[in-house]
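The structure appears right after this line, and notes come after that.
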Amino acid sequence: MSIDSQIKEMQTVAQRENLLIKEIREESHSAKQSSQRPVFNQLIIDIEQDEFSGILTWAPDRLSRNAGDLGKLVDLMDQEKLAQIKTYSQTFSNNPNEKFLLMILCSQAKLENDNRGINVKRGLRAKCEMGWRPGVAPIGYKNVMANNRISQVVIDEERAPAIKQMFERVAEKGHSGRTIRMWLDRIKFRTRHDKPLALSRIYATLNNPFYYGYFEFNGQLYKGNHPALITKTVFDQVQKQLTVPPKTWHKKIFPFKTLCICGSCKGGVTAEEKFRKLKYGGFTKHTYYHCARSVDYECNEPYITEEDLIRQLIGHIENININEKLITSRIKLEIERFHNLRSHVLHKEYLEGNLNQFDYPENDPVNEEMAKTYLRHLLKVGTSEERQLILSTIRTRFVLTQGELLIQ
């Protein structure tokens with residue numbers, strides 16, 4: 001019965017029995033837990049302060065279905081501050097029998113409430129064991145209702161293809177959640193409520209085992225009776241792609257990232273390391289450069305190894321423009337380092353009597369031939385840091401197209 005109906009009925013009772021209603025107070029909070037109802041708590045305070053001497057309510061369980069609030073009411077009766085509790089069909093005064101009956105009725109309401117919770121959980125568990133997930137089906141599926149109950153879960157033919165493609169894009173192309181969201185926005189994907197799919201829901205969908213035929217409920221995995229959208233292999237690959245390893249910023253240098261741009265989308269180029277386990281133990285490491293997909297997330301420009309990139313760059317050395325002054329300063333630093341090595345480690349300068357004589361290049365800046373020879377040398381045997389410094393002397397810009405390094 002609604003609150004308004006309860007009030008109307010109790011006003012009729014008060015009029016019939018000549019009871020004075022000083023104030024009507026309504027509250028929609030549940031009486032299951034103690035001290036969680038502001039209106040009830042204030043009512044207890046007002047009775048303690050002699051504002052009221054009785055309570056008119058529809059039934060005892062409207063006042064309390066927990067031991068804490070029931071104890072407060074009985075305690076007020078013991079203190080003779082609460083003279084009477086009147087319900088639609090019963091009256092409870094300050095005498096042992098009626099207080100005992102009040103406690104029994106409220107305790108019975110608590111017992112029914114607790115049993116109801118246990119039965120609901122038992123029913124949900126039984127439903128899970130039968131292969132049906134309680135609640136609304138996730139996006140890509142829809143519930144089929146029968147007799148106001150969910151009878152089965154079927155594939156949503158309108159949205160399921162896009163959801164399946166989401167998993168495939170992450171598993172096969174390594175797309176991130178943000179990339180997926182941009183793709184969904186581009187194809188104008190909408191939920192059942194005609195709204196775009198939020199990033200949080202994208203990740204929740206990609207982590208949901210429901211799509212390969214299982215579902216999780218209360219921390220336990222159950223096999224579902226619904227049709228699967230993807231295989232377990234695809235789902236596992238998606239989880240692997242979504243796992244973010246700890247990042248160590250600015251630890252690894254990829255010197256050729258700023259050398260060129262993507263020839264397909266004109267975006268930047270990035271790099272990553274790949275490791276392959278050898279048959280007889282050990283690993284091999286390869287560095288690959290590819291489009292960063294900052295402009296076009298669908299760019300299919302192929303990868304190129306760092307070795308192949310260096311080989312092609314060396315092939316272009318005769319046709320590129322170089323900052324010869326910067327290369328000259330780099331060569332001088334190399335010569336000083338070489339002489340310091342000879343004097344402090346090998347002691348060769350002492351023997352030859354040339355301690356303070358550095359063999360600097362005769363021309364300053366060096367000629368183009370020496371500059372390009374030094375560039376070839378560092379590209380072949382230099383460290384990543386040395387290559388990064390020497391590449392800053394190249395003025396010519398390049399594009400990476402179909403695995404080929406071309407002059408822009």
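None of the figures in this text is laboratory data; all of them are computed from the coordinates on show. Since the model is a prediction, treat every value here as computed from it, not as a measurement. All Cβ positions, even for glycine, are placed from backbone atoms using ideal geometry, and neighbour counts span all protein chains on display.
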**Report entry** Difference of contour (0.36 nm per residue) and Cα-Cα distance, Val244 to Gln11
**Finding:** 77.5 nm
Report summary line: Violations at 21 Å Cα threshold for listed pairs Lys8/Lys86; Lys173/Lys274; Lys188/Lys232; Lys121/Lys195; Lys121/Lys142; Lys252/Lys279 -> Lys188/Lys232; Lys121/Lys195; Lys121/Lys142; Lys252/Lys279
Report summary line: Ranked from fewest to most other Cβ atoms within 10 Å of their own Cβ, His193, His175, His29 fall in the order His193, His29, His175
Report task. Please identify every one of the chymotrypsin sites (Phe, Trp or Tyr not before Pro) in the stretch 269-323 that sits in a loop by DSSP and has no more than 10 other beta carbons within 10 Å of its own beta carbon. Result -> Tyr280
Query raised in the report: Taking the Cα-to-Cβ direction at Ile45 and at Lys195 and moving 7 Å from each Cα, how far apart do the two end points lie in nm?
Result: 3.7
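Loop-only trypsin sites (Lys or Arg not before Pro) in the stretch 255-300, please: DSSP not H, G, I, E or B, and at most 16 other Cβ atoms within 10 Å.
Values: sites: Lys257, Lys266, Lys274, Arg276, Lys277, Lys279, Lys285, Arg293; in loops: Lys257, Lys266, Lys279, Arg293.
Passing sites in the stretch 255-300 are Lys257, Lys266, Lys279.
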**Report entry** Kirkwood-based shape ratio for the stretch 258-331, expressed as Rg/Rh from alpha carbons
**Finding:** 1.09
Requested in this report: Give the Rg/Rh ratio for the stretch 260-301, taking Rg as the radius of gyration of the Cα atoms and Rh as the Kirkwood radius, to two decimals.
Outcome: 1.20
Query raised in the report: Which value at 222 nm does the chain reach when only helices count, each DSSP H run of 4 or more adding -39,500 (n - 2.57), with the total divided by all residues and rounded to the nearest 500 deg cm²/dmol?
Result: -13500 deg cm²/dmol
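Mind ordering 40-50, 16-26 by average Cβ neighbours within 10 Å, highest first? Walk me through the numbers before you get to the answer.
Details: 40-50: 14.9, 16-26: 9.6.
With the highest mean Cβ count within 10 Å placed first, the list reads 40-50, 16-26.
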Report task. Would you mind ranking Lys72, Lys195, Lys232 by Cβ crowding within 10 Å, fewest neighbours first? Result -> Lys195, Lys232, Lys72
Query raised in the report: If the viscosity is 1.002 mPa s and the temperature 20 °C, what translational diffusion coefficient in µm²/s does Stokes-Einstein give for the stretch 55-197 when Rh comes from Kirkwood over Cα pairs?
Result: 105
Report summary line: Between Tyr88 and Gln165, the FRET efficiency computed from the C-beta separation at R0 = 56 Å comes out, to the nearest 0.05, as 0.40
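What ratio of Cα Rg to 2.2 N^0.38 Å holds for the chain?
On the way: Rg = 39.4 Å, N = 408, 2.2 N^0.38 = 21.6 Å.
Ratio of Cα Rg to 2.2 N^0.38 Å: 1.83.
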Query raised in the report: Of Thr258, Thr191, Thr57, which has the largest mean-square fluctuation in a 10 Å C-alpha GNM of the chain?
Result: Thr57
Report summary line: Counting Lys and Arg as +1 and Asp and Glu as -1 over every other residue whose Cβ sits under 14 Å from the Cβ of Gly177, the net charge comes to +4
Requested in this report: Consider all pairwise Cα distances in the stretch 3-126 and report the whole-number % of them above 16 Å.
Outcome: 64
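Grab the beta carbon distance between Lys380 and Phe275, set R0 = 22 Å, and tell me the FRET efficiency rounded to 0.05.
Values: r = 23 Å, r/R0 = 1.06.
Efficiency at R0 = 22 Å is approximately 0.40.
Which percent, to the nearest 5, of DSSP beta bridges fully inside the chain are antiparallel? Walk me through the numbers on the way to the answer.
Numbers: 29 of 35 bridges.
In the chain, DSSP labels about 85 percent of beta bridges as antiparallel.
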